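Below is one structure, written out as structure tokens; comments come after it.
The values are calculated or read from the model by the stated rules, or taken from the named source; none is laboratory data. Everything numeric in this text was worked out from a predicted model, so none of it was measured. Ideal geometry is used to build each Cβ from the backbone, glycine not excepted, and the neighbour counts take in all protein chains shown.
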Amino acid sequence: MDILCVGAGLSGAVTGRALAEAGHRVTVIEARDHVAGNCHTERDPETGVMVHVYGPHIFHTDDPGVWDYVTRFAAFRPYKNRVKTTVGGAVYSLPVNLHTINQFFGRTMRPDEARAFIEEKADTTIADPQSFEEQALRFVGPELYEAFFKGYTEKQWGCSPRDLPAAILKRLPLRFNYDDDYFAHRFQAMPEAGYTAMVAAILDHPGIDVHLATPFTEDHAARADHVIWTGPLDAYFDHRLGRLGYRTLDFERFTARGDWQGCAVMNYGDREVPQTRITEHKHFAPWEVHAGTVCYRETSRACEPGDTPYYPIRLVEEKSMLSDYVALAEGTRGVTFLGRLGTYRYLDMDVTIREALDASETLVSAFEAGAPAPVFPHPPL
């Protein structure tokens, strides 16, 4: 079959590769002038530093199949994500751990003492937290919530934590030891040559034809037997039901000599500080040595037409519109929606790859059987 993959990010590349290996003819079109989507990396010409152009991406997974897949296409080096945050004129470690707790409260508690101490601080009257704020108050109590979560969350999401679902905070750990590793996954690493080189290797197959700087048109779809859509779900339908809400990021690049902040990621939890964080990209490749450094100040805002969408908002209004788009899509034939944008969900890279691999198996089986391909191998709702 002639398969059209719209988007050369992880979802499009992994699915396109699997379909090409199954004997199908795959065309990948990408509106940008590079592959790898938002995990695109490139060498900064001024400093030589490998820059994560759309913000940092740290690969982490407990899925050995996904790990085997990515290491098939790239050499990875171990990397631990250790995040710091500046709050109230002091620097602390994230996620909140025993060091953070002792430093913040000026104590020297042991793990069991800290656990009991935080439980006293927590609002135990909240039996079933519904909002981000309720989850935080039940989780760590008012002082840690105000310092480390409230201001940062308001800047990141542009709304009160009372309006955000509790599930957003449930992803973040609270540790009663001195472990400051942001992730707890078995495999944590960075591709030595960057993510763009990895994705280019995935797409390097004689059955795949890649076209960059090529926005999707109906003519592309007309020439294909089936379309794999990894762009925004609402964009496929020309936003006829309205625009799904996203947050986007603005980046202010600056360079310096030496080491600017001593870590890869420095968050800023105070509400009055406009940026959410500063990232120093030489620290994402600690095996490299550079005399200069390149940093990015990040600020978050509502995504407007023409902006790069980053985080789906998925509040009540957006979920209602999403339901309508899902119903519209399920009445469509000849297209499969995949990935973060195609299913309007926040997905880590490893989950994106796993879902693309699983969807590819389903698609190959459907094509071989002459059965209808699924519209959503992984339902958005």
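Being under 22 Å from residue 310 (Cβ atoms) and modelled with pLDDT of 95 or more is a property that holds for residue 148. Looking at the range 159-215, which of the residues that are touching a helix residue (DSSP H, G or I) at 6+ places or on another chain (Cβ under 6 Å) and small (Gly, Ala, Ser) is nearest to residue 83 (Cα to Cα)? The extreme case among them is 166.
Filtering the range 262-279 for residues that are over 27 Å from residue 146 (Cα atoms) and not assigned by TED's automatic domain parsing to the domain that holds residue 340 leaves an empty set. Looking for something surrounded by 19 or more Cβ atoms within 10 Å (Cβ to Cβ), within 19 Å of residue 310 (Cβ to Cβ) and touching a Gly at 6+ places or on another chain (Cβ under 8 Å) - is there at least one such residue anywhere in the range 159-176? No, the range 159-176 contains no residue that is surrounded by 19 or more Cβ atoms within 10 Å (Cβ to Cβ), within 19 Å of residue 310 (Cβ to Cβ) and touching a Gly at 6+ places or on another chain (Cβ under 8 Å).
Among all positions in the range 45-62, there is at least one residue which is more than 20 Å from the chain's Cα centre (by Cα) and either closer than 20 Å to residue 358 by Cα or among the aliphatic types (A, V, I, L, M) (or both). Would you check which residues across the range 192-218 are in a helix (DSSP H, G or I) and at pLDDT 95 or above and list them? Residues satisfying the conditions are 195, 196, 197, 198, 199, 200, 201, 202, 203.
Residue-level check: of (1) part of a helix (DSSP H, G or I); (2) surrounded by fewer than 19 Cβ atoms within 10 Å (Cβ to Cβ); (3) within 21 Å of the chain's Cα centre (by Cα), residue 321 misses just (3).
Just for the range 293-304: of the residues that are more than 21 Å from residue 79 (Cβ to Cβ), touching a residue at least 60 places away in the same chain (Cβ under 8 Å) and not hydrophobic (A, V, I, L, M, F, W, C), which one is surrounded by the most Cβ atoms within 10 Å (Cβ to Cβ)?
Here the answer is 300.
Could you tell me whether the range 142-150 includes any residue that is among the hydrophobic types (A, V, I, L, M, F, W, C) and farther than 26 Å from residue 261 by Cα? Among the residues of the range 142-150, not one is among the hydrophobic types (A, V, I, L, M, F, W, C) and farther than 26 Å from residue 261 by Cα, which makes the answer no. Total residues in the range 161-193 satisfying the condition of being in contact with an Asp or Glu (Cβ under 7 Å, 6 or more places away or on another chain) and farther than 17 Å from residue 350 by Cβ: the figure is 3.
Regarding residue 226, is this residue at negative phi, surrounded by 13 or more Cβ atoms within 10 Å (Cβ to Cβ), within 17 Å of the chain's Cα centre (by Cα) and touching a residue at least 24 places away in the same chain (Cβ under 8 Å)?
no
If the condition is being in a loop (DSSP other than H, G, I, E, B), surrounded by fewer than 20 Cβ atoms within 10 Å (Cβ to Cβ) and touching a residue at least 12 places away in the same chain (Cβ under 8 Å), then the range 36-52 contributes 44, 46, 47, 48. Being hydrophobic (A, V, I, L, M, F, W, C) and either touching a Cys at 6+ places or on another chain (Cβ under 6 Å) or under 30 Å from residue 21 (Cα atoms) (or both) is a condition met by no residue of the range 145-156. The strands (runs of 3 or more DSSP E) located wholly in the range 235-291 that include 1 or more residues which are modelled with pLDDT of 95 or more, of a type in the set (D, E, K, R) and touching a Cys at 6+ places or on another chain (Cβ under 8 Å) occupy 246-257, 277-280.
Summed over the range 288-328, the residues that are closer than 14 Å to residue 233 by Cβ and in contact with a helix residue (DSSP H, G or I) (Cβ under 6 Å, 6 or more places away or on another chain) give a count of 1.
State yes or no: is residue 306 under 15 Å from residue 6 (Cβ atoms) and not polar (S, T, N, Q)?
Answer is no for this residue.
Mind checking whether some residue in the range 156-174 is outside any loop (DSSP other than H, G, I, E, B), in contact with a strand residue (DSSP E or B) (Cβ under 6 Å, 6 or more places away or on another chain), touching a residue at least 12 places away in the same chain (Cβ under 8 Å) and closer than 30 Å to residue 237 by Cα? Checking the range 156-174: at least one residue is outside any loop (DSSP other than H, G, I, E, B), in contact with a strand residue (DSSP E or B) (Cβ under 6 Å, 6 or more places away or on another chain), touching a residue at least 12 places away in the same chain (Cβ under 8 Å) and closer than 30 Å to residue 237 by Cα.
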